Amino acid sequence: MPKPTPGNRPPRRPGAPSGRKPFHRPEVPAPDRKTPDLGPDGLPQVSLLRRGVERWQGGHPWIYRADLNGDPALEGGEVVRVVDGRGWFLGKAFYSKHSKISLRWLTFEDEAVDTDFFRRRLAMADEMRRRALPGERTYRLVHGEADLLPGLVVDRYGDCLSVQFLVPGTEQRKQLLVELLVELFKPRAIVNRSDVGVRALEGLPQEKGVLYGTLAGPVAYDEGLVRVRADLLEGQKTGAFLDQRDNHVMAAQYALGEALDCFSYVGGFALQLATRAERVTAVEISEEAAAQLRENAAANKLTNVEVVTANAFDFLRDAVDEGRRFDSIVLDPPSFAKKKEAVEGALRGYKEINLRAMQLLRPGGYLISASCTYHINEQMFEDMLASAAADAKRRVQIIEKRGAGKDHPVLLSLRETRYLKCFVLRVL
Ligand code: SAH
């Protein structure tokens with residue numbers, strides 16, 4: 001095998017035409033090793049099978065275990081040098097031992113992955129937010145792979161940051177990353193919200209706490225005319241659902257008469273509806289979220305919000321049975337399918353709530369219907385809505401099809417991460 005030359009790599013193939021065998025040496029399966037191979041820069045070296053190289057060519061940000069040439073005898077969390085079957089340099093990546101996703105690309109250049117590398121990546125993420133969201137103080141500052149910082153999420157709430165370390169690569173560099181966040185953004189506090197299920201796939205425990213500074217109670221941030229308070233340490237996700245911020249503000253435009261917000265959390269949609277509608281009913285199952293929502297409504301002097309602590313499925317069914325009517329409805333449920341196998345059941349769930357919402361709307365009323373289920377794409381969601389409209393015997397217009405805000409960029413090579421759908425519909 002020729003010695004890999006640093007900085008040297010084969011030109012990217014635009015994809016071999018079908019039917020022709022790509023020019024490649026036969027791959028020899030690597031023997032089981034006890035010690036990792038080391039590259040010329042001293043980093044552990046991992047080689048890919050042909051399919052892995054093809055994924056690299058497509059710019060996909062991950063490599064699966066099945067596409068590695070043998071088991072690299074590593075603990076996980078290392079930055080590794082990745083080469084093809086002939087030893088050509090492909091890039092550097094975080095290695096994960098437990099996940100099916102073994103490699104997450106950090107760079108395709110032969111550059112050092114050191115403190116300055118992460119500083120540059122954080123600054124690059126920040127640059128886009130300053131440009132795309134001038135004057136904003138609350139947004140997702142780092143969106144993992146899409147910001148070329150795999151396994152790292154940083155949400156900014158004013159002068160506080162709420163962070164998720166999702167892979168061993170970022171977990172093991174927690175201290176370095178916190179130091180860089182302090183240096184670059186000078187926050188008052190940094191909260192760790194690594195209490196998420198996906199960490200189990202990486203063999204990591206659930207963790208949360210304050211990593212830097214002090215934090216007492218909820219933090220406040222603005223959404224349009226409304227001031228929202230959310231608890232970064234005890235609230236859901238990193239404290240709130242920043243991906244819906246633009247959609248929250250947009251919802252006020254469609255607020256009419258009697259409004260209903262189902263799955264309200266601390267009131268992202270309900271408070272906006274309340275600025276324009278006569279009355280808002282907010283339905284939320286969590287007592288803590290419902291209590292925070294009541295405080296948020298009071299702090300904004302919005303006296304027209306009634307918070308109901310209930311299961312939204314039951315509420316909607318009862319409301320239909322009781323013949324109630326609304327003029328605007330928002331449905332923003334949690335993900336109904338964490339796994340692909342659960343998609344069918346999830347679609348039934350979405351259909352049930354959307355069908356009932358359509359039945360409850362007065363003619364000309366607006367339905368804002370969202371789904372954050374990754375495994376349900378926009379087309380599937382739209383088909384479900386069409387089927388609900390048919391069963392409800394209502395004619396429904398699509399007014400807007402929206403997604404997450406600009407602070408949640410999508411990599412062209414990983415478009416399936418465009419998980420959030422938010423449709424504005426008018427029910428005639
Ligand atoms: N609409 C909110 C985010 C909603 S997240 C916003 O834009 O900020 C989903 C919310 O639904 C969570 O607060 C969760 O507690 C709540 N929830 C989950 N299952 C529910 C159910 N069956 N009925 C009502 N609320 C539910």
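The values are calculated or read from the model by the stated rules, or taken from the named source; none is laboratory data. Values in this document were obtained by computation on a predicted structure and should not be read as measured data. Glycine also receives a Cβ, built like all others from the backbone with ideal geometry; neighbour counts cover every protein chain displayed.
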- Tell me, please, whether a residue that is away from the ligand (no atom under 14 Å from the Cβ), touching a helix residue (DSSP H, G or I) at 6+ places or on another chain (Cβ under 6 Å), farther than 22 Å from residue 369 by Cα and not charged (D, E, K, R) can be found in segment 206-218. yes
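Search segment 154-170 for residues being part of a strand (DSSP E or B) and touching a residue at least 60 places away in the same chain (Cβ under 8 Å), and hand back the single one that is farthest from residue 75 (Cα to Cα).
Narrowing segment 154-170 to residues part of a strand (DSSP E or B): 154-157, 160-165.
Keeping just the survivors that are touching a residue at least 60 places away in the same chain (Cβ under 8 Å) gives 155, 157, 160, 162-164.
Numbers: 155: 29, 157: 35, 160: 33, 162: 27, 163: 24, 164: 21 Å.
That would be 157.
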(Q) Looking at the structure I just gave you, is residue 189 farther than 23 Å from residue 338 by Cα, surrounded by 21 or more Cβ atoms within 10 Å (Cβ to Cβ) and of a type in the set (Gly, Ala, Ser)? (A) no
Of the listed residues (390, 357, 370, 404), the one being without any contact (Cβ under 8 Å) to a residue 24 or more places away in the chain and either touching a Leu at 6+ places or on another chain (Cβ under 8 Å) or of a type in the set (Gly, Ala, Ser) (or both) is 390
Any hit, segment 141-160, residues being buried (at least 21 other Cβ atoms within 10 Å of the Cβ), more than 16 Å from the ligand (Cβ to nearest atom) and of a type in the set (Lys, Arg):
yes
Flagged in segment 246-255 as within 20 Å of residue 316 (Cβ to Cβ) and within 11 Å of the ligand (Cβ to nearest atom), in numbering order, are 251
Within segment 321-348, restricting to residues that are crowded, with 18+ Cβ neighbours inside 10 Å and under 23 Å from the mean Cα position of the chain (by Cα), the one that is nearest to residue 279 (Cα to Cα) is 330
With criteria (1) within 25 Å of residue 242 (Cα to Cα); (2) surrounded by fewer than 16 Cβ atoms within 10 Å (Cβ to Cβ), residue 318 comes up short on (1)
Conditions (1) under 20 Å from the mean Cα position of the chain (by Cα); (2) surrounded by fewer than 18 Cβ atoms within 10 Å (Cβ to Cβ) -> residue 199 fails only (2)
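Say whether the condition of being small (Gly, Ala, Ser) and surrounded by fewer than 24 Cβ atoms within 10 Å (Cβ to Cβ) is met by at least one residue in segment 298-305. Spell out the reasoning first.
Applying the first criterion (small (Gly, Ala, Ser)) to segment 298-305 yields 298-299.
Next, from what is left, pick out any that are surrounded by fewer than 24 Cβ atoms within 10 Å (Cβ to Cβ): 298-299.
Yes: one or more hits.
Test of understanding: among 193, 173, 188, 227, which residue is within 24 Å of residue 334 (Cβ to Cβ) and not assigned by TED's automatic domain parsing to the domain that holds residue 405? Working first, answer last.
Working: 173 fails: within 24 Å of residue 334 (Cβ to Cβ); 188 fails: within 24 Å of residue 334 (Cβ to Cβ); 227 fails: within 24 Å of residue 334 (Cβ to Cβ).
After ruling out the rest, the residue left standing is 193.
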Apart from one, (1) out of contact with any Pro (no Cβ under 7 Å at 6 or more places or on another chain); (2) in contact (Cβ under 8 Å) with a residue 12 or more places away in the chain all hold for residue 216; the odd one out is (2)
Conditions (1) of a type in the set (A, V, I, L, M); (2) more than 18 Å from the chain's Cα centre (by Cα); (3) crowded, with 21+ Cβ neighbours inside 10 Å -> residue 240 fails only (2)
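Specify the residue that is nearest to residue 325 (Cα to Cα); the eligible residues are those in segment 256-276 that are more than 10 Å from the ligand (Cβ to nearest atom) and surrounded by fewer than 24 Cβ atoms within 10 Å (Cβ to Cβ).
So in segment 256-276, the residues more than 10 Å from the ligand (Cβ to nearest atom) come out as 256-260, 273-276.
When the remaining residues are screened for being surrounded by fewer than 24 Cβ atoms within 10 Å (Cβ to Cβ), the result is 256-258, 275-276.
Numbers: 256: 12, 257: 10, 258: 8, 275: 20, 276: 18 Å.
So, considering only residues that are more than 10 Å from the ligand (Cβ to nearest atom) and surrounded by fewer than 24 Cβ atoms within 10 Å (Cβ to Cβ), the one nearest to residue 325 (Cα to Cα) is 258.
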>> Yes or no: segment 378-400 includes at least one residue that is within 14 Å of the ligand (Cβ to nearest atom) and either surrounded by 14 or more Cβ atoms within 10 Å (Cβ to Cβ) or over 30 Å from residue 221 (Cβ atoms) (or both).
In response: no
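Go through segment 54-153 and tell me which strands (runs of 3 or more DSSP E), entirely inside it, have 3 or more residues that are outside the structural domain of residue 187 (by TED's automatic domain parsing) and touching a residue at least 12 places away in the same chain (Cβ under 8 Å). Give the derivation first.
Details: elements: 62-64, 79-83, 89-95, 101-107, 138-143.
The qualifying strands (runs of 3 or more DSSP E) are 62-64, 79-83, 89-95, 101-107.
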